Structures are given as C-alpha cells and as structure tokens.
Amino acid sequence: MEKGGLIKRIEKSHIYFFAIAVVLFWIKTYVAYNIEFKLGIDNNLQKFLLFINPVSSTLFFFGLALLSKKHTKKVLIIINFVLSFLLYANIVYYRFFNDFITIPVILQAKSNAGQLGDSANSLMYVSDIFYFIDTMILIILALTVFKEAVSKSRKSYQIVLLFAVTAFLFNLGLAEKDRPQLLSRSFDRNYLVKYLGAYNFTIFDCIQNIEATSQRALASSSDVTNVENYRKANYAAPNPAYFGKAKGMNVIYVSLESFQNFMIDYKMPNGQEVTPFLNSLTHDENTFYFDHFYHQTGQGKTSDAEFLMENSLYPLSSGAVFINKDQNTYQAAPAILDQKGYTTAVFHGNYKTFWNRNVMYKQLGYDQFFDASYYDMSKDNIKNYGMKDIPFFKESIPMLEGLKQPFYTKFITLSNHFPFEMDPEDTSFPVGDFGDPIVNNYFQSAHYMDDALKQFFDALKADGLYDKTVIILYGDHYGISENHNAAMAKVLGVPKITPTINADLQEVPLFIHVPNVKGGVQHQYGGEVDVRPTLLHLLGIDTKDYIEFGSDLLSKDHRNWALFRNGDYVSPQVTEVNGKFYNTDTGELLSNQSAYKTINDKVTAELQMSDEVVTKDLLRFYTPNGFTPINPNQYQYLGPKGKSKQPKVQTSGTE
Ligand code: GP9
Ligand code: MN
C-alpha cells in the first residue's frame, strides 16, 4: 500500500531526523541537570534558563552535520555520541569531585584519572545507559524510518546556525540580567553551567584556555630578568625591631567581607558603635591597626584580595586571576610556610568552586580546604552566598583545633556581603536611615560580623591559641559602590563625595595582632600587596629572593604609597583619581598636573611589571633560594566524605 504523502515526506527529509535528535538531546540534558548536578537554582528566571540553555549549543553542534550532504545522519549520530560522552564524563566527574571537567583537567587526565582510581567504576551505574539512549534511538531511526532521508542543500545549515546564534544571544541576555558580568568575571563554573549550559561552558573554557596558553607561549626565561631587577631596586629591608618576632607562631587571616575603614569608630545616631569589637582592637596593645590601608582588587573581588595578600602580586585588570590564571606557577605564602613545617588550611562557608578556589588553592599550596561541605549548611545557617559568620566561626573552631601546629590558615567571612540583608532573628541592631536600603543594611550586617569576630577571638583565647598566633584581619574590598554616593555623603556628613573622599572610601582596615609585640595605630600608606612581606618578615623569613611587588609596612624603607588596580594612586601628599591629581589633605585639584606625570609612570610601570609576571606565567622561570617548586596535583579537596580517598598530600619538609 502507498504511504501517505506527508509521512513519506518526513521519512525522506533529514530535517525531521535532525529535529528529533535535537529534541531528544535537549530533554536528556535537562534531565541530567536536574538529577546529577547541584546548581543552586534560586528563582524562576534561573529555572527557565536552565531549561533553554542546551538549545543553542545543540543546534550549533548538531547543525554541523548538515554541512555533510551525503552523510548527514552518520555525522549527526557521531556528534550526538561525542556530546553525550562529554555530558556523561561530566556526570561521573561531578559525582566524585562535585565539579565540572575543564580543559586543564583533561590535559592532566593521567593524574586525575589516578585520583578517581578504583572509585570510577563505583560511580557508574547500569541506569546510566539512559545518557546514551537518544544515540541508540537515532541509530535505529537512521536504519529504519529515515533510511532514505537525504540532505538537499546547505541552506538548512545556515538557518540552523542563525537559530543557534539567536538562541545563544537570547540566553546570554537573560543570564546577564540575572547575573551582570557573568562572562567577564566568570565567578563559578556552577554558575556558568546553570546560566549557559554544560556545553557552552566547555566552549567558554576552551576559549579562556587558548587565550591563557597563547599569552604564556610568548614568554621566555629572559623576561624574568627585568622583573628581578625591578624587584631588587624596590626591596624594603625588614625592620630589625620586628624581624622574626613571630617566628614559629601560628597565622590566622580573616577576610572581612566588604568591610570599609570608615566603619571603624562609626556611631549610629543613637550613639551605638557599629563595630565595638574591631574598635577595641585599634587600642589593643599587641595589635597594629593601619588606618591608611587600601584594597587593590579588580573584578575578582574577594579572590583578588586573597591573591594580593598571599602572592604580593597584583590581580588582573579584567577578570579574576583565580579563574584565568589558575594554571600558573606561584610561590605563595602557604607554599612557602608549608616548606617551613606549617600546616596550611582555608575555612570558608561557600562551595569550593566559587572563584575557582578548589583549583587555585592547589597552585598556592594549601593542604586543606574546609569549604561548605564541612559545615551545617541548613537553611537557618545560610544567607547570600553561604554560611552566616557566627555559626561559621563556631563550627570552624574544632576543625582549627584539630590542625597540627604551627598552622597558616585563612577564614573568609560572608555575612557582610551585598545586599547586606539579615534575617530578623539574627540581629537587633538598627538599620541606618540614609535613604538607601543597601547603605542602611550595611550597618546591621557589619555589626553582626563584628559580633562573630568577638566570639571567634573569645574562643581562641579560651583554647590558648590566641597567645601563639599572629592574627591578621583585613577588609577585602569596598562594600558600598559609587552608585550609593548620595547616601554615603549623608553617612559621612559631607555635602558630596569628592574624588579624594572617594579614594578614602577605598580604605579597608588592616589589623595585625602579634603576641608579645607592642602594636599601635599606624598611619603609613599601603595596600593589600604589602601584607605578605610584612607577615613573612614578622615570621623571620626574608623576602628578598621572592618576586613580589609589596613593601613591608613595618620596614623603615616602606615606600608609603599605594596604587589602585585602575592605575590611580594615593600617598600622604598626592591622590590620583581617574588620572587627575589632588592634594590628599585638602582634596583640591593640583594646579600643575603635568608635574605629577612621574607618579603616573611609576604606577604604570609597577602594574605592567606585575601583569607580565601573571599573564606570561614568569614565575615558572624563577625559583627563589630555598624554595621547592610545588606540585599542585598532589593536593585534593574532596570534602569530609572524600577524606579517606585523599591521596597523600605533599609535605616538602622543613628547611
Ligand atoms: C564568595 C565570597 C564572596 O565565596 O568570596 O565573593 P565576592 O562577591 O565578595 O567576591
Ligand atoms: Mn568579598
């Protein structure tokens, strides 16, 4: 019997075969997202994006099959299989690592497969056949119903490509609406997958890696000589009064989220101090408090601050160095101290992939990373990006006490994060009344953080760690952006925020508590880049052989200025804002602007030099005296459950 005309047309047309392939693959991917990955979907827009995000890449890749006139079906099945394999590889990898596969992971496949080890088999289930079911259906259809289907022209490819691009732009537009600067800042692989999809993420990752590799390929070992000379010329020798005064002591860093220096000693209209505990530290006899200390972060925010503090190098002018330069060689403080017999660990109540920390911390040489998987992340305990500060410190203490001493640790707080909202049950502190909800909330969340810090210090005193630990507290970056200047003028009681006041607002507090050393308020100018030499000198480690850009804040030769990542500058006399020079004291525009060009040259030279080191990965050509290059592959952060699987972490011994 003759078949109906329509059915016949369908059977003969490759485009129907193509459409079935796209729909099946789309559904499969969406099911996998929901079953296999914890992507943290917060709202309806994100739900919608998760649903549509496989479309653009599926159309794009499957569309390639339409270029082959003769073998459309065959090529389509091969592409389907390759993408299914990629999806499945991600699924298996995620079951173990809670993370997605990246290009560096593939390139180091040997060692990564080693880490998966025997457990790879136990991570694959018979039911996983589902992830290849569409491939099988396509094969059957190609051999039966669509046996005669053929491609007729290339036009269909162009149409599909147009659809793919439109779908991608639509997807990206909505994603950027929910999370501005998603591509330029990247944030977290989970976010990229959630917003743009697993396949688009892989494309993005390829582009990023090609860019990084090509910048790196341009470098040669001679490039480092320039940097070495610059470094030698700018080295500030340690102050003998402080050098080695904290030798062998533990170190605790605390990153104070979004905390700006204007909050110190700030009082609410009713006279209540916002941060009574931090205020008390400014008078503590064993604590240095720096009141002209500036953040130097760029788009990588918290992670940029971490990078500055531990490497004494500047972050990137765009994007986060933690993400874009995570394969570089570094000689970071944790690695240096690990080689002096220290245990090194980070505590943070957010998931390990945020800011790519789980990759970057290996390059920095951290032994352990206590991320969200170690904490009770139940609903009452979390807000914004993760753990509230009070339960965070409370749960951290036993883990800290369990570390072999001396330790070098870092605690990253979160509660004082934009938009600074608090759960009512967590605070009775008043909100501000400055006509701007963001600014108003800031006081409440800062007060809460201050309270958490007090409890943390009390616990350290109670268990005896306080007296053998250097504690460094620093504001990571500004919390209130220039968009809130009108309210900030009210907060500060000034008619408007002038350029120099704006520069002042980039001040973040720095406290360094050193047992048995007399501290006090310090007025010298400096930035986050300066902290590493300051700390290492206190610990009795001279930094002269290290390639770094900071200068010891306690050195008699300290340079007494700081630069901003955008190229601006601040010193006791001159402040540069957007390329214009002002009198730091009076805020007046200086009359002879060209006279200050040398400052500009100095700042540009330093940033360029640091950028060379970071973009060209120059530290791979240079090993400081007494430092053993680290092998990042020896570190693994598998969470509390993965502990038994954890390979032996390298301890390079003491010097
Ligand atoms: C997230 C935390 C906050 O883990 O570090 O990041 P931020 O947005 O401040 O960079
Ligand atoms: Mn931050």
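Descriptive notes on the structure:
- For the stretch 371-398, the candidate set comprises residues that are surrounded by fewer than 23 Cβ atoms within 10 Å (Cβ to Cβ) and hydrophobic (A, V, I, L, M, F, W, C); within that set, the residue that is farthest from K301 (Cα to Cα) is I397.
- L403 within 16 Å of ligand 1 (Cβ to nearest atom) and either buried (at least 18 other Cβ atoms within 10 Å of the Cβ) or in contact (Cβ under 8 Å) with a residue 60 or more places away in the chain (or both): no
- Count of the stretch 290-304 residues which are touching a residue at least 60 places away in the same chain (Cβ under 8 Å), touching a Phe, Trp or Tyr at 6+ places or on another chain (Cβ under 9 Å) and within 13 Å of ligand 1 (Cβ to nearest atom): 7
- Residues being of a type in the set (F, W, Y) and over 35 Å from the mean Cα position of the chain (by Cα) - total across the stretch 577-595: 0
- Flag for G298 being within 16 Å of ligand 2 (Cβ to nearest atom) and assigned by TED's automatic domain parsing to the domain that holds L492: yes
- Some residue of the stretch 464-487 being within 30 Å of G248 (Cβ to Cβ), assigned to a helix (DSSP H, G or I) and open to solvent by less than 10 Å² (accessible area, probe 1.4 Å): no
- Any hit, the stretch 267-284, residues being in a strand (DSSP E or B) and within 16 Å of ligand 1 (Cβ to nearest atom): no
- So S594, is it surrounded by fewer than 20 Cβ atoms within 10 Å (Cβ to Cβ) and not acidic (D, E): yes
- The lone exception for F418 - which of (1) more than 19 Å from K267 (Cα to Cα); (2) at pLDDT 95 or above; (3) within 16 Å of ligand 1 (Cβ to nearest atom) it fails: (2)
- Selected residue (only one of H513, H537, H477, H447 is in the same structural domain as K580 (by TED's automatic domain parsing) and more than 30 Å from Y342 (Cα to Cα)): H447
- Filter pass, Y385 being touching a Pro at 6+ places or on another chain (Cβ under 7 Å) and more than 11 Å from F370 (Cβ to Cβ): no
- Scanning the stretch 201-223 for residues that are in contact with a Ser or Thr (Cβ under 7 Å, 6 or more places away or on another chain) and open to solvent by less than 40 Å² (accessible area, probe 1.4 Å) returns a single hit, D205.
- Beta carbons closer than 6 Å, at least 6 apart along the sequence or on distinct chains, pair a first residue in the stretch 480-508 that is farther than 24 Å from E528 by Cβ with a second that is assigned to a helix (DSSP H, G or I) for A487/V439; K496/A489.
- Looking only at the stretch 607-633, residues that are touching a residue at least 60 places away in the same chain (Cβ under 8 Å) and either outside any loop (DSSP other than H, G, I, E, B) or in contact with a strand residue (DSSP E or B) (Cβ under 8 Å, 6 or more places away or on another chain) (or both) come to 14 in all.
- Put simply, of K518, K597 the only residue that is out of contact with any His (no Cβ under 7 Å at 6 or more places or on another chain) and closer than 30 Å to D467 by Cα is K518.
- Those residues of the stretch 123-148 which are of a type in the set (V, I, T), open to solvent by less than 70 Å² (accessible area, probe 1.4 Å) and over 17 Å from T58 (Cβ atoms), in sequence order: V145
- Of all residues in the stretch 305-331, those that are without any contact (Cβ under 8 Å) to a residue 60 or more places away in the chain have Cβ atoms under 6 Å from Cβ atoms of residues that are assigned to a loop (DSSP other than H, G, I, E, B), 6 or more apart or on another chain, in F307/P315; F322/G300.
- Contact map, the stretch 176-196: first residue without any contact (Cβ under 8 Å) to a residue 60 or more places away in the chain and in the same structural domain as Y33 (by TED's automatic domain parsing), second residue assigned to a loop (DSSP other than H, G, I, E, B) and open to solvent by 10 Å² or more (accessible area, probe 1.4 Å), Cβ cut-off under 7 Å, separation 6 or more or different chains; pairs are Y191/R179.
- The C-beta contact set for the stretch 238-261 (first residue in the same structural domain as H348 (by TED's automatic domain parsing), second residue among the charged types (D, E, K, R) and within 16 Å of ligand 1 (Cβ to nearest atom), distance under 6 angstrom, 6+ apart or interchain) comprises Y253/K410; S255/D476.
- Residues that are hydrophobic (A, V, I, L, M, F, W, C), more than 21 Å from Y622 (Cα to Cα), more than 16 Å from ligand 2 (Cβ to nearest atom) and at pLDDT 95 or above are absent from the stretch 302-310 altogether.
The values are calculated or read from the model by the stated rules, or taken from the named source; none is laboratory data. The model shown is predicted, which means the values in this text are computed figures rather than measured ones. Ideal geometry is used to build each Cβ from the backbone, glycine not excepted, and the neighbour counts take in all protein chains shown. In case anyone asks, the SASA skips ligands and DNA or RNA and just uses the protein heavy atoms, side chains included. Shrake-Rupley method; radii C 1.70, N 1.55, O 1.52, S 1.80 Å.
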